[in-house]
Amino acid sequence: VWSAVPQGPPDPILGVTEAFKADPNPRKINLGVGAYRDENGKPYILPSVSTAEASFVGEADKEYLPITGLASFTSAAAKLAYGSDSAPLSQGAVAVTQSISGTGALRIGGAFLARFYPTSKVIYLPTPSWGNHTPIFRDSGLEVKQYRYFDKSTVGLDWAGMLADIRAMPQGSIVLLHACAHNPTGVDPTQEQWKELSNIVKEGKLFPFFDMAYQGFASGDIARDAFAPRHFVSEGHQIALCQSFAKNMGLYGERVGLFSLVTSDKEEKARVESQLKILIRPLYSNPPVHGARIAGSILNDPALYKQWEGEVKGMANRIISMRTTLYDLLTSTHKTPGDWAHIKSQIGMFSFTGLTQPQTEALASKRSVYMTKDGRISMAGLNGGNVEYFAESVDGAVKG
Ligand code: PLP
Ligand code: TYF
């Protein structure tokens, strides 16, 4: 029956982990997937997560959640993103639903816009963007196009190109914005640039669709990292917002996320939520409960919340210290040709090193150092025990 089914390519990011696992070299390093590792290179279970989980394990039932999820979690998660002083939140004008992490939020959002957004079926993504964005939106029924974002020559933001492309979008188009800690480049607009973007998006009557997968990971400060969506909302934009708790709570496999839409008022919100339910029911009926309970417990308990904020800061700071260490090793110790300032200036979990595809291939085959072939490294995979080996390997690859 399936003789005509062609072999498909593996996921370009998750495929790196497969190659890493198959490598017997004890010094091997996996900088492919964006998953936080502690200073010993081990997955990190946040102590706030363990405490939250212990408070209900064995006691909470396993009943179905409502279609839109656990209300105590969804309302707290929306507050985390929009801010407790958000006008549309206090007016009851934000439609929310729990989602299968950030990916599920993007998919619900894409499908909702494909079904109901009146003006356009085209979504513009930055070049480059997270590799899964294109298939998610295409499979949601939207047409995917690009806007300029990254400037290879400066290893920074192509601000002029970005502005020109957004200004040229047909009125009413959908524009995807990474709220903070852009994946894969680690390059974000400044707050001043976000303000200008808000104006331009308004002038073009564009629909701003935010993907916030790394709240807290950019600056270590939860509120500061939400600046862009909060600013857009305060300027009157009715945004869509996707949240993931994979990174900032380390709940990767629990699949905890939120999708929300700012609407005009309570009545509109009720209509929108009714359609979100109709969309979700035939997809997966209702979301998983365990991770939402963990996240909800943390967000709703002031002491646990404070503890969690400190743990997020700890993860962000360890990544920042690895940026400094790597920069110093490349520039002072090895005098590796090139300007490596971007290692320090880039934000969040990733660094776009500027290494070429042949260099990344040589690093994998000769040194067992694995990264995506666009030269992106997950900074969280570096630690005191492997950063010297990594710097020496990069130096070797660059000097050829
Ligand atoms: N959006 C971006 C930009 C990402 O990097 C990721 C991956 O972590 C996601 C969304 C969604 O991830 P998840 O579905 O694990 O929450
Ligand atoms: O970019 C990353 O590494 C993370 C993790 O299909 C990820 O966003 C990567 C690929 C994928 C799902 C998650």
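The values are calculated or read from the model by the stated rules, or taken from the named source; none is laboratory data. It should be emphasised that the depicted structure is a prediction, and the values quoted were computed from it without experimental measurement. So basically every Cβ, Gly included, is an ideal-geometry build from the backbone, and we count neighbours across all protein chains shown.
When the residues of segment 234-244 are filtered to those that are more than 13 Å from ligand 2 (Cβ to nearest atom) and closer than 22 Å to TYR305 by Cβ, which remaining residue is surrounded by the most Cβ atoms within 10 Å (Cβ to Cβ)? Selected residue: GLN243.
Across segment 324-349, the qualifying residues are those that are touching a Leu at 6+ places or on another chain (Cβ under 9 Å) and closer than 21 Å to GLY32 by Cα, and the one among them that is surrounded by the fewest Cβ atoms within 10 Å (Cβ to Cβ) is LYS344. For segment 89-108, a residue qualifies if it is more than 16 Å from ligand 2 (Cβ to nearest atom) and touching a helix residue (DSSP H, G or I) at 6+ places or on another chain (Cβ under 8 Å), and the qualifying residues are LEU89, GLN91, GLY92, ALA93, VAL94, ALA95, VAL96, THR97, GLN98, ILE108. Considered as a group, the residues in segment 85-132 that are hydrophobic (A, V, I, L, M, F, W, C) and within 11 Å of ligand 1 (Cβ to nearest atom) include one that is farthest from THR263 (Cα to Cα), and that residue is TRP130. Beta carbons closer than 6 Å, at least 6 apart along the sequence or on distinct chains, pair a first residue in segment 193-219 that is free of Cβ contacts under 8 Å to residues at least 60 places away in the same chain and farther than 11 Å from ILE166 by Cβ with a second that is buried (at least 19 other Cβ atoms within 10 Å of the Cβ) and of a type in the set (Gly, Ala, Ser) for TRP194/ALA228; PHE210/ALA179. Restricting SER173, SER234 to residues that are more than 15 Å from ligand 1 (Cβ to nearest atom), over 23 Å from ALA380 (Cα atoms) and in contact with a Leu (Cβ under 7 Å, 6 or more places away or on another chain) narrows the list to SER173. Taken over segment 160-188, the criterion of being surrounded by fewer than 20 Cβ atoms within 10 Å (Cβ to Cβ) and either part of a loop (DSSP other than H, G, I, E, B) or within 16 Å of ligand 2 (Cβ to nearest atom) (or both) is satisfied by ALA168, PRO170, GLN171, GLY172. Of all residues in segment 318-364, those satisfying the criterion of being closer than 24 Å to ALA179 by Cα and not in a helix (DSSP H, G or I) are GLN346, ILE347, GLY348, MET349, PHE350, SER351, PHE352, THR353, GLY354.
For segment 370-392, the count of residues that are among the hydroxyl-bearing types (Ser, Thr, Tyr) and either in contact with a Pro (Cβ under 9 Å, 6 or more places away or on another chain) or over 22 Å from PHE217 (Cβ atoms) (or both) is at least one. Taken together, PRO126, PRO118 contain a single residue that is assigned by TED's automatic domain parsing to the domain that holds MET212, within 16 Å of the chain's Cα centre (by Cα) and of a type outside the set (Gly, Ala, Ser), which is PRO126. From the list SER198, SER219, the one residue that fits, being touching a Cys at 6+ places or on another chain (Cβ under 8 Å) and farther than 20 Å from LEU106 by Cβ, is SER219.
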